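First the structure, in the form of structure tokens, and then the observations on it.
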Amino acid sequence: MNEIRYLAGVSTLELDPDLCVGCGTCLEVCPHEVFVPAAEGKKVRVRDRDACMECGACRHNCPVAAIRVEIGVGCAQAIFNGAGSCC
């Protein structure tokens, strides 16, 4: 996969490892592979916060609310805004 990079250090993505139950849903829904299985067990960890486009797929699909991200902040909003003005 080609690495998509956004502005360094500005992503609002947060994962609470204490709440994570290791269901793996975030691994399946994240379009940029931001999450990876954690080495210590079934839980996940954030591989690269700066690859997060803040689309919110992980947050909306996490059954235990272990993921927080401000949807539409930063790069995702810029992409959405630009898509409507292309023609």
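Some values worked out for this structure:
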item: Selected residue (only one of 15, 7 is at pLDDT below 95 and either among the aliphatic types (A, V, I, L, M) or crowded, with 19+ Cβ neighbours inside 10 Å (or both)); result: 7
item: Output for the stretch 31-69, where each listed residue is of a type in the set (Asp, Glu) and in a loop (DSSP other than H, G, I, E, B); result: 33, 40, 48, 54
item: Some residue of the stretch 51-58 being modelled with pLDDT under 90 and among the aliphatic types (A, V, I, L, M); result: yes
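The values are calculated or read from the model by the stated rules, or taken from the named source; none is laboratory data. This is a predicted model, so every value here is computed, not measured. We place every Cβ from the backbone using ideal geometry, glycine too, and count neighbours over all the protein chains shown.
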